[in-house]
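Note sheet for the following structure.
The values are calculated or read from the model by the stated rules, or taken from the named source; none is laboratory data. Computed from a prediction, not measured in an experiment: that's the story for all the values here. Here the Cβ positions follow ideal geometry from the backbone for every residue, glycine too, while neighbour counts run over all protein chains shown.
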Amino acid sequence: MRKMKKVKTLDLFTQQLIPLDLPDIFRKIYYFLYSNSNIPRAERLGSEMIKLLFCKIYDELNQRSVFKTHKNESEKEVGEKIRKLFEEVKEKYPDVFNKDDKIYLDNKSIKSIVAFLQNYTLTNTERDVISESFQAFWGPGLRGEKGQFFTPRNVVKMCVKMLNPKPGDRVIDPACGSGGFLIEVLSHLKSKGASNIFGIDKEIDLVKISKAYMAIVGDGHSNIFCADSLYPESWPEDMKNKINDGSFNIVLTNPPFGAKIHVEDKKILKNFKLAHKWIKDKNGDWKITNKITKQVPQVLFIERCLQLLKPGGKMAIVLPDGIFGNPSDSYIWKYILNEAKILAIVSLPPETFLPSTHTKTSVLFLEKKESNDEKDYPIFMAIAEKVGHDKNGKTIFKMDKNGRYILDEYGNKIIDDDLPIIVNRYLEYVSTGKLKKNDRFGFVVRLSQIKNNIFIPSYYDPEVKEELIKLEKSKYKLVSIGELEKQKIISIKRGHEVGSKFYGLGNVPFVRTSDIVNWEIKVDPIKCIPEEIYEKYKNRQDIKEWDILLVTDGTFLIGRTAIVTPLDKKIVIQSHIRRIRCLKPDLLHPFLLLYLLNTPIVQKQIKEKTFVQATISTVGNRLKEIILPIPKEDTEKNKIIKEVEEIVKLKMKAKEKMDMLLNNKEV
């Protein structure tokens, strides 16, 4: 009996898991083995699981019905027949397993796994369920140790659909992991052309998974190699003969990434322009030098992918967002723009790789140049806010305004995922050369419109621009924070770091980003600092009544504000906070500024201008680009000022009462 739910036939982006509970079964197997088997190490359990999964798949393909058990069958009997089955598997797939490979799991564990899986037919399920199951099992052992994170299947499908490989195209993933991109290409080509699909990965266990996976779908496992993609000189001869630079039509990859993972071997680095030091000349243009320097793998993989591509070939690569907006990384774009045309950039939400990593990523689509004629061209951009699961990896479904699930025509809940919409918009754009609608699901920015090498789609969000235009046409005057500072209507100062060694040694509040909540400063006594430290920073920070504090650096707290009341003015603020002072309250009152900074349109702008620089999210100097919609009518301004004043006074009164109560004074 198969544990299946009757549903509509799956299309490219249907995300129901069939069988629905198979990934959970694999997680249960992992925890069972980790707690009960004779193998204590997680990574070795992964190797054992590959062997048993392949036995199960081989058994199904050959209709053997060996991978089954019943309560009267002893653990020894099950162990012996599965080990015998594995010997057949090794003969069938010699490039997946070595002759000396054995199943090391104890008989009790083998029988338990067989019992767990025997009611499921893996080869007849939607192929991506297999991937989900591998990933669910391998996650605890592999997650993040070397910057490797399995690519969610909806991201994989988006990339394949947008690049649209054709029969006969040579395709490669130089960091193939478990083979998700390669399998999806085979699926896209309806299992034809496996001999033209190649994969490389350094991790032997991942290579085995990929080979096994390719064996299920088509006879493509012979083109999966265990090697270092970045060091082709080290490849075996047969691999060198099959994989040559400039020979591929399509490259898809999600390379290892991380700020702490560097390639330092000069034998590898010497082959990459992006592993050389780049400096700016007197005109501010980036120039390459002869000096070789260590580099993070994700940057090297950009260049490696372009090396593998034919002129006119296309690639999709998942990259951390820092590359798309960090000023110190802008030399990378100098290289990219010299070698390739940017086809598209799709911004992915922070939840995409959670719970593995919260790193914000985007997908970059490039076409290797055939000539240098095109100096300006349109770039398709999109901003995905929902990716089908939450931060815990749990599937999320579309809901209406009343919190009820939206169902399809078959009565099934609909996955809340923006990527299928983005794909459809891109295909519409490619086929017609234009978009019927410009919103976050698809819009076009010309290369000449790119500012300061910032390639983050949210920075150019057309929905925000459209909303600002509407406000300007009504009763608001649009003024940037930078203009207000230039006109000396406001002044802006940054806080300081005092050092944690002074925490708790005094009574002066040291205000951190987490202390700014609902327009107020919440004092944390544990972080209070001595009087002498306050005196050191007092004049430099110059905090006064009715100054506005704005969080500009961090992760989730950027955009929070507080106003300094007479109860708060003796404080020192952290470096992640900006102090904004209204120098001409008759032109811009601090209560009005506090209100404006918290309006939805301003908070949207703060969000769109926040991105990773080095290892922290920040608004940086882009704060000055933020537009404030100031009411034109004095009556409207005064109304807002009065209402904010009432709120601030109520908060002050509540704080005073609380202090009196806690200090046993009369209220």
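Any residue in segment 90-115 that is in contact (Cβ under 8 Å) with a residue 40 or more places away in the chain and assigned to a loop (DSSP other than H, G, I, E, B) sitting within a Cβ distance under 6 Å of a residue that is acidic (Asp, Glu) and surrounded by 14 or more Cβ atoms within 10 Å (Cβ to Cβ)? List the pairs, counting only those 6 or more apart or interchain.
Listed by first residue and then by second, the contacts come to Leu105/Glu48.
Among (1) part of a helix (DSSP H, G or I); (2) within 24 Å of Val155 (Cβ to Cβ), there is one condition Ile261 misses while meeting the rest; what is its number?
Status for Ile261: all satisfied but (1).
Any residue at all in segment 484-492 that is surrounded by 14 or more Cβ atoms within 10 Å (Cβ to Cβ), touching a His at 6+ places or on another chain (Cβ under 9 Å) and not charged (D, E, K, R)?
No.
If only one of Ser347, Ser356, Ser362, Ser371 is without any contact (Cβ under 8 Å) to a residue 12 or more places away in the chain and in the same structural domain as Val445 (by TED's automatic domain parsing), which one is it? Outline the logic, then answer.
Numbers: Ser347 fails: without any contact (Cβ under 8 Å) to a residue 12 or more places away in the chain; Ser356 fails: without any contact (Cβ under 8 Å) to a residue 12 or more places away in the chain; Ser362 fails: without any contact (Cβ under 8 Å) to a residue 12 or more places away in the chain.
None of the other options fit; the residue is Ser371.
Here are some residues: Phe443, Phe397. Which one is within 30 Å of Leu628 (Cα to Cα), of a type in the set (Phe, Trp, Tyr) and under 29 Å from the mean Cα position of the chain (by Cα)?
After applying the criteria, what remains is Phe443.
Could we say that Gly141 is within 18 Å of Leu45 (Cβ to Cβ), within 32 Å of the chain's Cα centre (by Cα) and modelled with pLDDT under 60 here?
Considered against the rule, which asks whether it is within 18 Å of Leu45 (Cβ to Cβ), within 32 Å of the chain's Cα centre (by Cα) and modelled with pLDDT under 60, Gly141 comes out as yes.
Please determine, by comparing only the residues of segment 368-404 that are part of a loop (DSSP other than H, G, I, E, B) and among the small types (Gly, Ala, Ser), which one is surrounded by the most Cβ atoms within 10 Å (Cβ to Cβ).
My answer is Ala384.
Say we look at segment 193-205 and pick out the residues that are within 24 Å of the chain's Cα centre (by Cα) and touching a residue at least 40 places away in the same chain (Cβ under 8 Å); which of these is farthest from Asn249 (Cα to Cα)?
Glu203
Within segment 539-566, track down each residue that is out of contact with any helix residue (DSSP H, G or I) (no Cβ under 6 Å at 6 or more places or on another chain), surrounded by fewer than 19 Cβ atoms within 10 Å (Cβ to Cβ) and in a loop (DSSP other than H, G, I, E, B).
Matches in segment 539-566: Asp542, Lys544, Glu545, Thr555, Phe556, Pro566.
I want to confirm something. Restricting to segment 228-260 and keeping residues that are of a type in the set (Asp, Glu) and under 31 Å from the mean Cα position of the chain (by Cα), which single residue is surrounded by the fewest Cβ atoms within 10 Å (Cβ to Cβ)? Steps first, please.
Kept after step one, since they are of a type in the set (Asp, Glu), are these residues of segment 228-260: 228, 233, 237-238, 245.
Cutting the leftovers down to under 31 Å from the mean Cα position of the chain (by Cα) gives us 228, 245.
Numbers: Asp228: 16, Asp245: 12.
Looking at residues that are of a type in the set (Asp, Glu) and under 31 Å from the mean Cα position of the chain (by Cα), I get Asp245.
Scan (1) among the small types (Gly, Ala, Ser); (2) assigned to a helix (DSSP H, G or I); (3) modelled with pLDDT of 95 or more for the single condition Gly312 breaks and write down its number.
(2)
Sort out which residues of segment 353-375 are within 18 Å of Tyr426 (Cβ to Cβ) and within 13 Å of the chain's Cα centre (by Cα), and write them in order of number.
Thr361, Ser362, Val363, Leu364
Residue check: is Asp634 without any contact (Cβ under 8 Å) to a residue 12 or more places away in the chain, over 23 Å from Glu520 (Cβ atoms) and among the charged types (D, E, K, R)?
Taking the combined requirement at face value, the residue satisfies it.
Listed residues Lys653, Lys657, Lys637; which is modelled with pLDDT of 95 or more and among the charged types (D, E, K, R)?
Lys637
With the requirement that a residue be part of a helix (DSSP H, G or I), at pLDDT below 95 and touching a Pro at 6+ places or on another chain (Cβ under 9 Å), what does segment 148-176 give you?
Scanning segment 148-176 gives Asn154, Lys157.
Give the residue that is modelled with the lowest pLDDT, with candidates limited to residues of segment 202-219 that are crowded, with 24+ Cβ neighbours inside 10 Å and β-branched (Val, Ile, Thr).
Ile209
Pull up segment 279-318, narrow it to residues that are β-branched (Val, Ile, Thr) and within 28 Å of the chain's Cα centre (by Cα), then point me to the one that is surrounded by the fewest Cβ atoms within 10 Å (Cβ to Cβ).
Pass one, segment 279-318, residues β-branched (Val, Ile, Thr): 279, 288-289, 292-293, 296, 299, 302, 317-318.
So of that shortlist, the ones also within 28 Å of the chain's Cα centre (by Cα) come out as 293, 296, 299, 302, 317-318.
Values: Thr293: 14, Val296: 22, Val299: 21, Ile302: 24, Ile317: 24, Val318: 27.
Result: Thr293.
Quick check on this structure: which one of Pro152, Pro174, Pro167 is in the same structural domain as Phe353 (by TED's automatic domain parsing), over 22 Å from Ala384 (Cβ atoms) and either within 22 Å of the chain's Cα centre (by Cα) or among the charged types (D, E, K, R) (or both)?
The conditions single out Pro174.
Residue-wise test of (1) at pLDDT 95 or above; (2) touching a Phe, Trp or Tyr at 6+ places or on another chain (Cβ under 9 Å).
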position	(1), (2)
Val498	no, yes
Leu557	no, no
Leu567	no, no
Arg579	yes, no
Leu588	yes, no
Leu594	yes, yes
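Go through segment 506-526 residue by residue and tally those that are within 7 Å of Ala562 (Cα to Cα) and of a type in the set (Asp, Glu).
Of the residues in that region, 1 qualify.
Could you tell me whether segment 410-419 includes any residue that is surrounded by 14 or more Cβ atoms within 10 Å (Cβ to Cβ), of a type in the set (A, V, I, L, M), more than 30 Å from Gly284 (Cα to Cα) and free of Cβ contacts under 8 Å to residues at least 24 places away in the same chain? Let's see the steps before the verdict.
Residues of segment 410-419 surrounded by 14 or more Cβ atoms within 10 Å (Cβ to Cβ): 412-419.
Those left that are additionally of a type in the set (A, V, I, L, M): 414-415, 419.
Still in the running and more than 30 Å from Gly284 (Cα to Cα): 414-415, 419.
Right, trim to free of Cβ contacts under 8 Å to residues at least 24 places away in the same chain and you get 414.
Looking through segment 410-419, at least one residue is surrounded by 14 or more Cβ atoms within 10 Å (Cβ to Cβ), of a type in the set (A, V, I, L, M), more than 30 Å from Gly284 (Cα to Cα) and free of Cβ contacts under 8 Å to residues at least 24 places away in the same chain.
So which residues in segment 430-448 are more than 19 Å from Lys314 (Cα to Cα) and free of Cβ contacts under 8 Å to residues at least 24 places away in the same chain?
Thr432, Lys434, Leu435, Lys436, Lys437, listed by residue number.
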